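The structure appears below as structure tokens.
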Amino acid sequence: MPGAKRHLPPSNPIASTPINDTILSDVTPGPGETNDLAPPMKKAASNAANGEIVIPPPPSVTATQTPGGQSRDEKTPQNGTTGLETETGPSAVASVAGATTSSREGTRAVDSSLSVASCEREAVAEADTRTSKDYYFDSYSHHGIHEEMLKDEVRTRTYQMAILNNRQLFHGKTVLDVGCGTGILSMFAVQAGASHVYAVDCSSIIEQAAKIIKANDYSDRITLIQSKMEDVELPIPHVDIIISEWMGYFLLYESMLNTVLYARDKWLRPGGLIFPDKAVIYLSAVEQEQIKKERIDFWENVYGFDMSALKEVALLEPVVDVVDADSVVTNAVPILNIDILTCTEEDLSFITPFQLRANRSDYIHAFVAFFECAFTRIPKPLGFSTSPHSMYTHWKQTIFYLRDAITICEGEVISGRIECRSNKKNERDLDIGLEFNFEGRRQNVNKRVEFRLR
């Protein structure tokens, strides 16, 4: 993307990024231990300023083991990043409880007697109303999504270190992997000494996970279950640990955290652990004049044609891309802080006030959100950040472009509030509202803008 640096990880990155004080504020050290983590986000702000697959049977059949979950070993790129790829061949594994043989949500039977023309009209109408919900499980069936996530060494090595450096927590324990994807986290858990792992995923990538588990001789300790987590019945009353890589763009996109919370409430024993257990979303503001021209203003004149109608669409959709750290104009403030061991689904819809103070005089073309995740219930807490000041991750940052730039002087403050809630038609999508007020030496602004993360 022109003007956007990609902060690519080196060949041997140190993935255990210590995390901000915000996310560690209520961490209690174990006996003889201290929280000696440096808060890199403070530093950054300062620098800127100064096996076998088990498938649940239909309701008419009883079974002793019918676990399940979401797909999440790779993210679904949308909003102009990369195209979605879906499986077109028949599924090699039967589907869950009375659904069709496709894992696609919303699949329906098609009358073969319909005319070609009517089918085409129906296809166009359906395409107009489809959202990420229609593609969710299909998209995680493709190996390319998992390749991107596995090659994100910040992500994968942080999980690896959190699990393998805490073998005493996993030894002899039962583990539930929610959205296991290729099974990488399940295999880390077995390496750390887990007695058994129940790995749940709804997409057909689990067929490949079965081959991977077998090739690594873990079939006797990892049970793979193809199902939605909400449809699962494990053969044990509870598990000791839940592991999951559930984070989406803007942390909450795709709403997989809801599934983790369901699994927690139903299957985690009292006093059990969740990896990771803390997450924080931050908001900042950036100067991106050239990139905004190329991405948004581009539609005003396309080969001599006025395509401004698409500019209006582009302004509604947040962009997921890398933000150059040098473009950050203000401090970053937390807008959501969640403890995954105790939070509820209601906590994931929020309205948060904010105040952003300019570190220099400049223009502001967009607000930018990023997040941190942490493993704090271990002897030495660690985590990672998706900040523009941190090493590149596949989550990048989420950019909310403004129609008009704001002229701000050093020390001036933008006050406002941000609202986030699941879309009514599709809970995996997010509706985000930004309301802000600015009274500066050069400009006064009072606006509300709406965005939809699809």
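The set of residues in the range 293-349 being aromatic (F, W, Y) and surrounded by fewer than 17 Cβ atoms within 10 Å (Cβ to Cβ) consists of F298, Y303, F305.
You will find that of K424, K396, the residue that is of a type in the set (D, E, K, R), open to solvent by 20 Å² or more (accessible area, probe 1.4 Å) and at positive phi is K396 and no other.
Within the range 300-315, being among the polar types (S, T, N, Q) and not in a loop (DSSP other than H, G, I, E, B) holds for one residue alone: S308.
Of everything listed in (1) surrounded by 16 or more Cβ atoms within 10 Å (Cβ to Cβ); (2) of a type in the set (D, E); (3) touching a Lys or Arg at 6+ places or on another chain (Cβ under 7 Å), the single unmet condition for D362 is (3).
One residue stands out among those in the range 333-376 that are touching a strand residue (DSSP E or B) at 6+ places or on another chain (Cβ under 8 Å) and outside any strand (DSSP E or B): the one that is nearest to G271 (Cα to Cα), which is L341.
Applying a threshold of 8 Å to beta carbon distances and a minimum spacing of six or more residues, or different chains, the list of pairs starting in the range 294-309 at a residue that is closer than 16 Å to L402 by Cα and ending at one that is open to solvent by less than 60 Å² (accessible area, probe 1.4 Å) and hydroxyl-bearing (S, T, Y) reads R295/Y401; I296/Y401; W299/S308; E300/S308. Among the candidates Y249, Y262, the residue that is buried (at least 24 other Cβ atoms within 10 Å of the Cβ) and among the aromatic types (F, W, Y) is uniquely Y249.
Does at least one position in the range 277-288 carry a residue that is modelled with pLDDT of 95 or more, touching a Lys or Arg at 6+ places or on another chain (Cβ under 6 Å), more than 30 Å from V197 (Cβ to Cβ) and outside any helix (DSSP H, G or I)? No. The set of residues in the range 377-389 being within 13 Å of A332 (Cα to Cα) and part of a loop (DSSP other than H, G, I, E, B) consists of T386, S387, P388, H389. Within the range 159-187, restricting attention to residues that are out of contact with any helix residue (DSSP H, G or I) (no Cβ under 9 Å at 6 or more places or on another chain) and assigned to a loop (DSSP other than H, G, I, E, B), which residue is least open to solvent (accessible area, probe 1.4 Å)? The selected residue is N166. Within the range 188-237, the set of residues being in a helix (DSSP H, G or I), surrounded by fewer than 19 Cβ atoms within 10 Å (Cβ to Cβ) and small (G, A, S) comprises A215 only.
The values are calculated or read from the model by the stated rules, or taken from the named source; none is laboratory data. From a predicted model like this one, the values you see are computed outputs, not experimental measurements. Positions of Cβ are generated from backbone atoms using ideal geometry, with glycine treated the same way; all protein chains shown enter the neighbour counts. With ligands, DNA and RNA removed, areas are computed over all heavy atoms of the protein, side chains included. Shrake-Rupley method; radii C 1.70, N 1.55, O 1.52, S 1.80 Å.
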